[in-house]
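Worksheet: one structure, shown below.
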Amino acid sequence: MGIKQYKPVTPTRRWTKLADFTEVTQEKPYKPLTKGKKRISGRNNLGRITQRRRGGGSKRLYREIDFKRDKWNIPGIVETIEYDPNRTARIALVKYVDGERRYIIAPHDIQVGNEIIAGDNVALKPGNCTYLKNIPEGTPIHNIEINVRKGTCQLVRSAGSSAMIKAREGDIVFIEMPSKELRKFDCGCKATIGVVSVPDHSNISLGKAGRSRFMGRRPKVRGVAQNAVDHPHGGGRGKSKGYRTPVSPTGVPAKGKKTRRPNKYSDRLIVRRKNSKRG
């Protein structure tokens, strides 16, 4: 996967940098693994706005992804690499020897025809899934299970991201997350080998506001430009900021003030926070 740049024939094209999609081998999704998806408008069941600047956007089909990786000790062959509009990474359609097909998050450098498997004694190849106790230190991993037997792997699934096993202590595995946070996991949790596909995603530049609208993102208005009833920074004459520190529309401090809830249930699992200075 690479980044495609355009000739600056228009002001929009001058700043546009998009993925070239060279790794995509199939445009249309596998229909049995798709279903309709309601557009996200940022409203709750009462019609009230709970998430600002959402609405519109192109229609999408949802691809059912196998985050559980519970086809244990059953090998499969990668049939296609596809684009998924619902996530930043690419997805891979895998056909298992028993005839079933499933989508997985495509690791970087995986190719059509590659064999993948989830099990206890598997090779350390991108796409294979196993328990953390079987993965050596220094191996990049993604799609990590949070709790033993939770079933669904939830962590490290965005484009180009990966975590790394740093150390072990009994049944505890210490993993450095993409945010550089050091976190404890049980050795019985599952993870997938490799780095998530599309490592250049951070270099993409949409180039124009219209492309954000296609993705369902509406314009952002500064707080100081709003009325006093709409934002704590609003109102006043001229560029008045409301005579208070920068806050969100609900009054939560912004610009670096710590807002994490004390004594959170996951505090006992965090060895080093992502914001702490590393030695």
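Bear in mind these aren't lab numbers, they're just calculated from the coordinates by the rules spelled out. This is a predicted model, so every value here is computed, not measured. All Cβ positions, even for glycine, are placed from backbone atoms using ideal geometry, and neighbour counts span all protein chains on display.
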Quiz prompt | Amide proton proximity set for Val196, modelled H, under 5 Å, gap of 5+ | solution = His108, Gly160, Ser161
Practice problem: Please work out the C-alpha center-to-center distance from the stretch 61-86 to the stretch 1-49 and express it in whole Å. | Solution: 19
Quiz item: Under the Karplus relation 6.51 cos²θ - 1.76 cosθ + 1.60, θ = phi - 60°, what is the ordered set of whole-Hz ³J(HN,Hα) values for the stretch 239-251, x standing for Gly and Pro?
Solution: 9, 5, 9, x, 6, 8, 5, x, 9, 7, x, 9, x
Quiz item: log₁₀ I(q)/I(0) of the stretch 142-253 at q = 0.10 Å⁻¹, via Debye over equal Cα point scatterers, no solvent, to two decimals?
Solution: -0.58
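Give me the number: length gained by fully extending Arg54 to Arg39, i.e. 0.36 nm times residue separation minus the C-alpha to C-alpha distance, one decimal in nm. Could the numbers behind the result be given before it?
Numbers: separation 15, 0.36 × 15 = 5.40 nm, distance 0.95 nm.
Value of the extension gain: 4.4 nm.
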Quiz item: Over all Cα pairs of the chain, how is the pair count split among 5 Å bins, expressed in % and running from 0 up to the last occupied bin?
Solution: 1, 5, 9, 12, 13, 14, 14, 13, 9, 5, 3, 1, 1, 0, 0
Self-check item: Too-long pairs where the Cα-Cα distance tops 31 Å, listed order kept, from Lys150/Lys180; Lys17/Lys239; Lys28/Lys180; Lys31/Lys264
Solution: Lys17/Lys239; Lys28/Lys180; Lys31/Lys264
Exercise. Please turn the phi angles of the stretch 30-36 into ³J(HN,Hα) values with the Karplus equation 6.51 cos²θ - 1.76 cosθ + 1.60 (θ = phi - 60°), one per residue in order, whole Hz, x for glycine and proline.
Key: 6, 4, x, 9, 10, 8, x
Quiz item: Roughly how many debye, to the nearest 20, is the charge dipole of the chain about its Cα centre, given +1 on each Lys and Arg Cβ, -1 on each Asp and Glu Cβ, and no other charges?
Solution: 2440
Practice problem: Under a 10 Å cutoff between Cα atoms, tell me which one of Val78, Val97, Val24 has the largest fluctuation in the Gaussian network model of the chain. | Solution: Val97
Quiz item: When only DSSP loop residues count, what trypsin sites (Lys or Arg not before Pro) in the stretch 1-56 have their Cβ near at most 11 other Cβ atoms within 10 Å?
Solution: Lys38, Arg48
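If you add up the charges near Val198, with Lys and Arg at +1 and Asp and Glu at -1, over every other residue whose beta carbon is less than 14 angstrom from its beta carbon, what do you get?
-1
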